Amino acid sequence: MTLTRTITTAGSKGSARADRRPMTFKRFMRKYLVGIIAIIVSAVVFLVPFAFIFLTAAKNKQEASLFEFSLPQQGWQLWENFVTVLQTRDYIILRAFVNSTVLTVFSVAMMVVFAAMVGYVVQRRKSRWNILVNLFVLAGLIVPPAVVPTIWLMQGLGIFKTMPGMILIEATFGLSFCILLFRAFVSTIPRELDEAAIIDGASPMRLFFTVIMPLLKPVVITVIVVQSVAVFNDFVNPLYFLPGDANATVQLTLYNFQSQMNSQWNLLFMDILLITIPPLILFIFFNRQIVAGMTSGAVKG
């Protein structure tokens, strides 16, 4: 026992002495090389395209058509392009921002509530129906949406070309991914909490909304941010299911500055810059919560 303690003490002193060695350039590179490479790659992949968009949006029409990564040679026209984009087609971009905001808020709210309920029930209650439910959830991720039958169904229900119909479409298409996240996170919550709430006389709805739902905050934030960006940046679904200038979303406004015969690249990139800012702000402020919600339940479940 004494010999073991001596060896352990000597080993700990040796490791502490090794940690106190001066930081050389070789040790620094060996320790932080992966992080440095990741930062450089991230800068190239994300910052360089954003800088190109910003510079092109600040040029005039002739300079922007050259697609050169350079500063504006004929003066910065960032404000002029911004005003022109706002005034195009009777301020259609402002209506598009309002439509996209309404669409994003209500569709993401439906995803959070319904996906949390389904994920909780599927994880907690084991029955023969779980296999069928899991099959439908996976089918929602794998099977591509059928555009023509969906339009025919929406016309029959009287919700085609309407905002409520588009909200249902976005919520339905994003529900499967959200259910998988909530089900994985619910598996990390002890069942003893459910049993204690039931003993205290809590009903199933009260149990879910007062006990379980507050514990789902990390994954709720993840779903809100990820799906908000997906819905806000969605181009295909509004193009098919929500046509018309009155129902235009921000992605559809890109058509205002690009056509077969004429393209105003400086205004197009200014529009892209305005569309990019809201999702970028969400990711900057909630990136840690996104990672926490995505990795929760990765081991269990």
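Quick look at the values:
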{"quantity": "Segment 74-104: number of residues that are free of Cβ contacts under 8 Å to residues at least 12 places away in the same chain, of a type outside the set (S, T, Y) and either in contact with a helix residue (DSSP H, G or I) (Cβ under 7 Å, 6 or more places away or on another chain) or open to solvent by 80 Å² or more (accessible area, probe 1.4 Å) (or both)", "calculated": "7"}
{"quantity": "Within segment 227-261, tally of residues that are β-branched (V, I, T) and crowded, with 22+ Cβ neighbours inside 10 Å", "calculated": "4"}
{"quantity": "Filtered residue count, segment 178-196, keeping only those that are in a helix (DSSP H, G or I) and without any contact (Cβ under 8 Å) to a residue 40 or more places away in the chain", "calculated": "4"}
{"quantity": "Checklist (1) under 20 Å from C178 (Cβ atoms); (2) open to solvent by 50 Å² or more (accessible area, probe 1.4 Å) applied to R124, failing item", "calculated": "(2)"}
{"quantity": "Among the residues listed as L153, L135, L141, the single one being part of a helix (DSSP H, G or I) and in contact (Cβ under 8 Å) with a residue 12 or more places away in the chain", "calculated": "L141"}
{"quantity": "Boolean, F114 is surrounded by fewer than 17 Cβ atoms within 10 Å (Cβ to Cβ), closer than 16 Å to L175 by Cβ, touching a Ser or Thr at 6+ places or on another chain (Cβ under 9 Å) and not hydroxyl-bearing (S, T, Y)", "calculated": "no"}
{"quantity": "Selected residue [surrounded by 18 or more Cβ atoms within 10 Å (Cβ to Cβ) and among the hydrophobic types (A, V, I, L, M, F, W, C)] from V219, V143, V147", "calculated": "V219"}
{"quantity": "Complete set of residues in segment 221-245 that are modelled with pLDDT of 90 or more and among the hydroxyl-bearing types (S, T, Y)", "calculated": "S228, Y240"}
{"quantity": "Residues of segment 272-297 that turn out to be modelled with pLDDT under 80 and either open to solvent by 80 Å² or more (accessible area, probe 1.4 Å) or among the hydroxyl-bearing types (S, T, Y) (or both), as a count", "calculated": "8"}
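Okay, residues lined up against (1) of a type in the set (F, W, Y); (2) more than 14 Å from T172 (Cα to Cα):
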| residue | (1), (2) |
| --- | --- |
| W79 | yes, yes |
| D90 | no, yes |
| L94 | no, yes |
| V102 | no, yes |
| F106 | yes, no |
| A109 | no, no |
| Y120 | yes, yes |
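The values are calculated or read from the model by the stated rules, or taken from the named source; none is laboratory data. Worth saying up front: this structure is predicted, and the values here are computed from it rather than measured. Counting neighbours? That spans all protein chains shown, and the Cβs are built from the backbone with ideal geometry, glycine included. Side chains included, ligands, DNA and RNA excluded: accessible areas come from the protein's heavy atoms. Shrake-Rupley method; radii C 1.70, N 1.55, O 1.52, S 1.80 Å.
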